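The values are calculated or read from the model by the stated rules, or taken from the named source; none is laboratory data. Model, not experiment: these values are computed from the prediction. As a convention, Cβ positions derive from the backbone with ideal geometry for all residues, glycine included, and neighbour counts pool all protein chains shown.
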């Protein structure tokens, strides 16, 4: 039977954690490179800026930043490097990206239930609680240096479990309120298709992604294993969240073009056309 408290085992787990972080960085850089159409469209003014896109853009940038930071921290660093401060920056960026990913889904019921102030107050309180749980870890952690590098964070396993469990509950609640809200308001069939295909799939994926690290952290095998699946969970949640945002944007764009035929250009076309081609497409319409 494995002695998870053995220092040699902890070092091996740390090596697995390091390689897993590099793998996540490579996969997410590939995903980011193939899915930055929204950012390009905003820069090229092919779509108008809107505040619901802030969590989408900020979350993607923060996750990429946190991945680069953790990979840098796992390399041999100079003695002048303040590992604790660097991990504070990494933790803030990583956990904030989780918060932004969940906020992408929570914005839907917040808008749908605008006529019910008590529901919106409840959503705000739940969101504040989520961010408090996510950022609470900044106040109480230590750093275990490994082979001349900053190594990894040592976090109370109950904090890690709480983060992932709260996130799962938060996402499920957002989906349920969205379904109830759409049943009580007129909406297009396309919106329901996106909700079934993207919304439910997103929640299932993120719940599974958060369930694995929550179970491992609750076992409290060792300090490295408590955080080994945190980065994969963040990456999976952000990728799934980003795709549902683009899907909803496409539905909203299609709905608006049905009302104004002079702009009969779907968002997927807007995001891939250069500015001049997009303007030509509008003129032809």
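Conditions (1) without any contact (Cβ under 8 Å) to a residue 12 or more places away in the chain; (2) crowded, with 18+ Cβ neighbours inside 10 Å, marked per residue:
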residue	(1), (2)
95	no, yes
103	no, yes
115	yes, no
128	yes, no
138	no, no
145	no, no
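Residue count for the range 1-26, restricted to those that are part of a helix (DSSP H, G or I) and in contact with a helix residue (DSSP H, G or I) (Cβ under 7 Å, 6 or more places away or on another chain): 5. Hey, among the residues in the range 149-176 that are farther than 20 Å from residue 131 by Cβ and touching a residue at least 12 places away in the same chain (Cβ under 8 Å), which one's surrounded by the fewest Cβ atoms within 10 Å (Cβ to Cβ)? Among them, the one singled out is 154. The number of residues in the range 99-139 that are touching a helix residue (DSSP H, G or I) at 6+ places or on another chain (Cβ under 8 Å) and closer than 21 Å to residue 89 by Cα comes to 14. Given the criteria surrounded by 17 or more Cβ atoms within 10 Å (Cβ to Cβ), under 15 Å from the mean Cα position of the chain (by Cα), at negative phi and without any contact (Cβ under 8 Å) to a residue 60 or more places away in the chain, does residue 123 qualify? For residue 123, the condition - surrounded by 17 or more Cβ atoms within 10 Å (Cβ to Cβ), under 15 Å from the mean Cα position of the chain (by Cα), at negative phi and without any contact (Cβ under 8 Å) to a residue 60 or more places away in the chain - is not met. At least 3 residues being at pLDDT 50 or above, crowded, with 17+ Cβ neighbours inside 10 Å and at negative phi is the threshold, and among the helices (runs of 4 or more DSSP H) wholly inside the range 177-285 those reaching it are 200-219, 230-259.
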